[in-house]
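The values are calculated or read from the model by the stated rules, or taken from the named source; none is laboratory data. Keep in mind that this is a model prediction, so the values were computed, not measured. Side chains are part of the model used for accessible areas, which takes the heavy atoms of the whole protein and leaves out ligands, DNA and RNA. Shrake-Rupley method; radii C 1.70, N 1.55, O 1.52, S 1.80 Å.
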Amino acid sequence: MSMQDRKNIRAEALKNIKLLKAESDRGCVIVSAALLDDILVQLLKRRLAPSLQKKDELLEDGASGFSTFSARIDLAYRLGLLRKSSRDTFHLLRKIRNDFAHISDPKNFDSNSVKSRVTEIFRLNEEIMDSFSELMKDHGLEEFEGRGFADVVGTRAAFEFFIAGVTTFLLEAVNDVTQIEPLV
């Protein structure tokens with residue numbers, strides 16, 4: 001992947017942060033899950049032998065067993081495209097999305113169930129969260145010294161940074177995936 005491609009992907013991540021910031025808490029979570037689901041589809045299409053149809057019958061047909069976010073997460077893990085911690089993270093995000101999307105009880109990032117799941121996502125991805133704090137300290141922001149990133153910027157802002165970081169990493173990974181060759 002060229003340096004320009006990497007810059008374009010990182011610019012896309014910054015756009016994603018702006019997109020998430022413009023949303024309500026509910027919108028932020030739902031859009032985050034949709035972004036990651038779209039990238040999973042790209043990863044899976046890149047790995048699987050090409051579809052013989054214009055529309056991918058496994059990933060884009062609503063009747064397919066692989067048309068849900070949950071199934072795509074598990075398939076990506078089983079194909080070696082996600083680590084176990086990423087699989088667990090994506091399933092937690094899916095559960096948070098479901099909390100926001102399917103329950104009439106209004107949720108936000110301060111809701112106990114949401115906060116505990118987001119905290120678990122941060123725990124599963126401690127290295128990423130620590131790298132955000134280190135980056136801030138490297139830029140002279142002393143308030144990050146000895147404190148977690150989410151403790152300083154807040155749960156929602158940390159979540160937005162995390163999603164932007166994960167989408168960047170996954171978009172870069174799409175280009176590194178080797179496609180399965182179909183038997184002839």
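So for the chain, if I pair up every lysine 8 or more residues apart or on another chain, how many of those pairs have alpha-carbons under 16 Å apart?
Lysine pairs, 8 or more places apart or on different chains, close enough: 6.
Please compute the Kirkwood hydrodynamic radius of region 85-180 from all pairs of different C-alpha atoms, in Å with one decimal.
Final number for the Kirkwood radius of region 85-180 is 14.7 Å.
Using a 1.4 Å probe over the heavy atoms of the protein chains, calculate the carbon and sulfur portion of the accessible area of the chain as a whole percent.
Roughly 51 percent of what the probe reaches on the chain is carbon or sulfur.
Given the Cα atoms of region 1-86, and with Rh set as the inverse mean 1/r over their pairs in the Kirkwood sense, what is Rg to Rh to two decimals?
Ratio value, two decimals: 1.01.
Relative to the longest principal axis of the C-alpha atoms of the chain, give the angle of the C-alpha long axis of helix 112-124, reported between 0 and 90° and rounded to the nearest 10°.
70 degrees
Compute the helix-to-body angle for 84-102: its Cα long axis versus the longest principal axis of the chain, expressed 0 to 90° and rounded to tens.
80 degrees
Determine the per residue accessible area of the chain with all protein chains present and a 1.4 angstrom probe, expressed in square angstrom.
58 Å²
Give me the one-decimal Kirkwood hydrodynamic radius in Å for region 120-172, with the sum taken over alpha-carbon pairs.
After inverting the mean inverse Cα-Cα distance, the result is 11.2 Å.
By how many nm would the segment from Glu126 to Ala34 grow when fully extended, if each residue of separation counts as 0.36 nm and the alpha-carbon distance is taken off?
That pair, Glu126 and Ala34, stretches by 30.8 nm at full extension.
Could you work out the mean projected area of the convex hull around the alpha carbons of region 1-144, in square nanometres to one decimal?
So the mean shadow area of the Cα hull is 11.2 nm².
Mind checking the angle between helix 25-47 and the chain's longest principal axis? C-alpha axes, 0 to 90 degrees, to the nearest 10.
40 degrees
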